[in-house]
Amino acid sequence: MKFKTLIAWSSALCLSGGLLQAQDANSTEKLEQKLKAMQEHFEKLIQDQQREIEALKKQVATTTIAAPAAATTNAVMAEQLEE
């Protein structure tokens with residue numbers, strides 16, 4: 001009788017151990033999925049910020065090119081008015 005009880009308990013422990021491993025594997029998969037999603041989101045943010053930086057650089061370049069041209073135009077107009 002004790003032998004049967006010992007077998008029953010050991011079987012129960014083995015089954016519960018397998019169940020815990022399955023739960024660990026499931027939680028590991030969830031963590032891996034979350035990590036992947038966060039990495040993809042992070043990469044998207046970096047790409048968006050790169051695009052914004054490039055757009056701002058173009059605006060600065062346009063402004064610095066347009067400013068001297070406007071100053072030259074203003075100077076020419078001022079000379080014409082003086083004449």
- With each label point set 7 Å from Cα along the Cα-Cβ vector, what nm distance links residue 28 and residue 45? 2.8 nm
- Item | Separation of the residue 5 and residue 57 label points, Cα + 7 Å toward Cβ, nm | 7.8 nm
- Within-13-Å neighbourhood charge of residue 65 [Cβ basis; K, R +1; D, E -1]: +2
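Each value in this text was obtained by applying a stated rule to the coordinates, not by laboratory testing. These numbers were taken from a predicted model, which means no experiment stands behind them. So basically every Cβ, Gly included, is an ideal-geometry build from the backbone, and we count neighbours across all protein chains shown.
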